[in-house]
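As structure tokens, the structure follows; a few thoughts come after it.
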Amino acid sequence: MTVLGLLLRRRRWDPAILGAGTLCLSLLVSAGKAAFLLFAVCGLYLAITRPRTLRGAPVVFMGVLAGWALWQIGLSLARGEPMDGNRVLSYAALEFACALLPLGLGLVRHPARALALGGRVGMLALVVLSTAEYAVTGARVGLGKNEAIFAFVVGAIAILARLPTGGGPRFLPDGRFWTYLAAVPIALSGTRAAMLLFVITAILDLRGALPHLRARKGRVAVAVVGGLVAAMLAAVPVGGFLADRMEAGVAEMEAYEATGLAVGSVDIRLAMWSSALRVLAEHPFIGVGGMERMARVADEAGPNAGEVLRYQHLHNLVLDEALSSGLIGLALMGGAMAAFLAGALGRSVDPLVRDASLALVLFTFVFGLFHGVLLNEWMVLVIFSGMGIILVELRRSRPFGERSGGAT
């Protein structure tokens, strides 16, 4: 087969691969990683052999993201940290791969469409699978994975599923409602921080709906009432489950304040964070490294040192990054997020895309204040791949704004 023939075939296959990869990613199936990394490998090949392709890519976002990854790798090597078991190196390498992914999407005409449609199928599957797992086990749901990781990936995919497609299949229509379907699997996961997703999207959606209230009072009222009824019905089977989780968190905080000893998931975070701040004050610019981070924090934690060492990270996006690669690394991480928002929040961008982009960043930071959101390959992949795909779509000849009228 000629190279041209292979490329013509790939033009038909690549959107399906991207959509199927998104579906697998939403279900935490490893084939999803393989699909996205395939595009990253293609991007690396093009960056080396055809550097002109960079002209059509979101180079600022890619450059800052790649720079952050190289900073982490360089620091780790300069510190002489071992290669074996070095999570900093593996996650930084994945971030570098995500920086190259936009180049590998050259044969996908509308990558965000494939991303959104794959996410929508994933959301439908997640509602069914998570409900079935809870019915069988009666315990927190994670589809066999860590419940917090599961909840974040579901939330991020639910945001990406609302991206406008300009007319997908009838059973997968455009709409904001795809995000709220995630309430079922997220609630059943018992991950309290992930529920903040719906606060973020509700605020953004209400802000967008206010200008249209006068023109469509009846339709808006019906939609609001219907949404409230659906939310109440969904809350009935899981309300007690969530209430128990919240009550347990409050009890842990009260006990920690009284005794100074951490025994649960909430109070150990308070102990880790206060100790981490003292370590950071001594090593502000380059941190202490990802492999020494927890040991240094444990030394500062006093009677809670044993509890601290049970964890592999600080469950805080800012402190984990600052102690691993310093305030310089933290600034580069923030720069990658800012570069994404700078490209995604332009005036000519469809409001649905702006809201989805802002929600993705806000959800990452809000969730990351309580979990190691950038210290897991599933999370890193869904965040930065989603960002890169949105920016690629916005740079194509037919941007979102020409194909969508702002579906509700």
Taking R140, is it touching a Ser or Thr at 6+ places or on another chain (Cβ under 9 Å), in a helix (DSSP H, G or I) and open to solvent by 60 Å² or more (accessible area, probe 1.4 Å)? no
Complete set of residues in region 354-375 that are open to solvent by less than 40 Å² (accessible area, probe 1.4 Å), of a type in the set (A, V, I, L, M) and either touching a Pro at 6+ places or on another chain (Cβ under 7 Å) or within 15 Å of R207 (Cβ to Cβ) (or both): A356, A359
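Hey, among the residues in region 112-137 that are without any contact (Cβ under 8 Å) to a residue 12 or more places away in the chain and among the β-branched types (V, I, T), which one's most open to solvent (accessible area, probe 1.4 Å)? Give the derivation first.
Initially, region 112-137 is screened for residues without any contact (Cβ under 8 Å) to a residue 12 or more places away in the chain, giving 128, 132, 135-137.
Add one more test, that the residue is among the β-branched types (V, I, T), and what stays is 128, 136-137.
Details: V128: 97, V136: 125, T137: 81 Å².
Going through the qualifying residues, I end up with V136.
Here are L70, L54, L77, L103: which of them is open to solvent by less than 60 Å² (accessible area, probe 1.4 Å) and either on the phi < 0 side of the Ramachandran plot or among the β-branched types (V, I, T) (or both)? Even if it seems obvious, please write down each step before you answer.
Values: L70 fails: open to solvent by less than 60 Å² (accessible area, probe 1.4 Å); L54 fails: open to solvent by less than 60 Å² (accessible area, probe 1.4 Å); L77 fails: open to solvent by less than 60 Å² (accessible area, probe 1.4 Å).
Exactly one residue qualifies, and that residue is L103.
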G226: at pLDDT below 90 and either in a loop (DSSP other than H, G, I, E, B) or among the polar types (S, T, N, Q) (or both), yes or no? no
Would you mind stating whether R109 is assigned by the TED database to the domain that holds A35, open to solvent by 50 Å² or more (accessible area, probe 1.4 Å) and either modelled with pLDDT under 95 or farther than 22 Å from A202 by Cα (or both)? yes
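The values are calculated or read from the model by the stated rules, or taken from the named source; none is laboratory data. No experiment lies behind these values; they were computed from the predicted model shown. Cβ: placed from backbone, ideal geometry, glycine included. Neighbour counts: every protein chain shown. These accessible areas exclude ligands, DNA and RNA; they are computed on the full protein's heavy atoms, side chains included. Shrake-Rupley method; radii C 1.70, N 1.55, O 1.52, S 1.80 Å.
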